[in-house]
Amino acid sequence: MLELVAIESKCPEVSTMSQIDNNLKPLPSAVSVLIVDDEPGMRSFLNKALSKKFALVETAGSIEDAEQLRSRCHFDLLIVDIRLPGRSGIEWHEALDEQGRRSDVIFMTGYADLEVAIKALRAGASDFIMKPFHLEQMMSAVDRCIERRLLRRENLMLRREVSIGYSSTIIGSSEAMKSVKQVIERVAPTNAVVLIQGESGTGKELVARQLHLLSGRQGPFVPVNCGSIAPELLESELFGHTAGAFTGAKGNREGLFSFASGGTIFLDEIGEMPLKMQTALLRVLEQKAIRPVGSEKEVNIDVRVIAATNRTLVDEVEAGNFRRDLYYRLNVLDILIPPLRERPEDVVELTHHFTRQLAAELGVREVVWSHEDMVKLQQHEWPGNIRELRNMIERCILLGKPPAEYWKQQVKTESSASQGYPLDWPLKEVEKHHVTSVVDLHSGNKSAAARDLGVSRKTLDRKYKEWFDVSDDQEF
C-alpha cells in the first residue's frame, strides 16, 4: 500500500479530464471533485490519483480560491482539510449548507482530535480521514460518497416520476400546445391508431406516453425505434420467432407486440421502416394478429399502436418510400407537434421547468436567468427543439456560464465547422485539424478543449503526442 506524504511538486491548478473508471458507476453528468488543502504536495498527490478515476478534478490552496472555483462550477464531492488559513474547513462547509450549496464532503486532518471529528460528522461530513493515510482509505471513502450520492439521485428521480402528473408532464401554455393537449385528452381514451408528427426533439415520445397514461390500458408502454434496429432483425423483434426460424434462433421468443399485450406499442421513426416490414405491419393493423417468424399460426393481440415520424410521410409516399395504404391506416388520428421556434412563449416556461428539474437532479442551486438571457433564448431558432434547450440549460448549470457565453462558443464552433475540409484529406488529417482548431479556440487550454470535444484530457494529450511527438507534460 502507498502512504501519502507531503511531496513538494508543481501541479497545474486547472481542470483535468480523465476517463471514468469502469468500476465506478458514473453520475448522469460528469463527476466533479474539488480538493482544498494548503499543502501543495497533498493537492498534487490527490489530484493525480483522483484524475485517473473522475472526469473533473480541481484543487485550491485556500478557502478563497475554493470559493472562486465554486462560483464557476458545481462540485459533486469536496475533499477538504479542516485546518486552513483564516477559516476552518468545517466552518466553510456549514456556510455552504446554509446557502443551499449541497456537496458531499470528506474532511482530512493531521491532528488526532476526537472532538473535532465529532464536530465534522455533525456538520454533515460524509467521511473523516486522519493524515497520514493510505490511498486505499481515501479511494474507499470517495467511492462510498459517490455511491450514496447516486442512490439519493436515483431515489429523487423515482419520486419525481411517481409524483409526476399530466399537467406537469407536457410543458407549454402557447395556443399551439393547448391545442395539442386538447387533442390528447380527446383521443387518449379510444383504441384508435395515432400518428404523431414533428421535428426531432419536439417531444413525440412524451406525447405518446401521455396518450398511454390517459388511455386506461393496464399493459405496458413499449417504445420501439424503427430506425435503430437492423432491417433483417426488425420482424423478429416486433413479432417474435420460433426455435430454428433462422440461424441462431435456439428457442421460441416473444416479440415486442406480444410484450405490449394490453398496453401500447410506440413505433418511433416509422418512416425508417423498410417496405417489406410496412406490408407486415399493415396486416397486423387490419387483422389485429401477429405471426412469429417461423410459425404458421397467427396470434391475436390486444395492443394499441401509436406511430411517430420526423419526416413528411405524404412526401415519402409520393417518392415511393412509404406505402400509401399504410399511411392512410396510420393516419386515423394525427397529432402535429409544432417546433419550438414557432412557440417562443413556451421557451420561458420550459426553461424554468428544466432549471428546477436539473438543479434538483444535480444537487445545485437553481440558476437565476436574467431578462436578457430569456430574450436570447426566445430569439434562438432551436433546430434541436426541446432536446437542444434542455442540453443547453444543463451545460450552463454545470459550467456556470450564462447563455451569452454558450452562444458565443456555438458560433465559433459552427463557424469552424462550416469551413469544411478537402475531400481528398485522410480521416486522420481531418481529426487533427478539427481537434487543434478547438484547442486554438480555447487559447491553448487543452482541458477546456477536451470538455468541448467530449474526450478526456488524457486522450487529448495522447493525440498531441502522436501528432507532434511531444512529451506528456508539454503544454500548448
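Nothing in this text is a laboratory measurement; each read-out follows from the coordinates by a stated rule. Computed from a predicted model, the values in this text were never measured in an experiment.
In whole percent, what relative contact order does the stretch 316-385 give with Cα contacts below 8 Å and a gap of six or more residues?
Working: 30 pairs, mean separation 25.4, N = 70.
It comes to 36 percent, rounded to a whole number.
What is the gain in length, in nm to one decimal, between ALA319 and PHE133 on full extension, counting 0.36 nm per residue of separation less the C-alpha to C-alpha distance?
Working: separation 186, 0.36 × 186 = 66.96 nm, distance 7.00 nm.
Length gained between ALA319 and PHE133: 60.0 nm.
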Next item on the list: Mind checking the full-extension length gain between TRP467 and LYS52? Use 0.36 nm per residue of separation minus the Cα-Cα distance, one decimal, nm.
Entry: 147.1 nm
Next item on the list: Please report the base-10 log of the normalised intensity I(q)/I(0) for the stretch 248-288, using a Debye sum with one equal scatterer per alpha carbon and no solvent, at each q in 0.25 (1/Å).
Entry: -1.07
Check: Taking the stretch 343-406, how much of its Cα-Cα pair set, in percent, is spaced more than 16 angstrom apart?
Finding: 37 percent
Margin query: For a bin width of 10 Å, list the pair-distance distribution of the stretch 175-340 built from all Cα-Cα distances, rounded to whole %.
Written below: 10, 39, 36, 13, 2, 0
Item checked: Set LYS52/LYS432; LYS131/LYS446; LYS181/LYS401; LYS204/LYS432; LYS178/LYS288; LYS131/LYS463 screened for pairs whose C-alpha atoms are more than 27 Å apart -> LYS131/LYS446; LYS181/LYS401; LYS204/LYS432; LYS178/LYS288; LYS131/LYS463
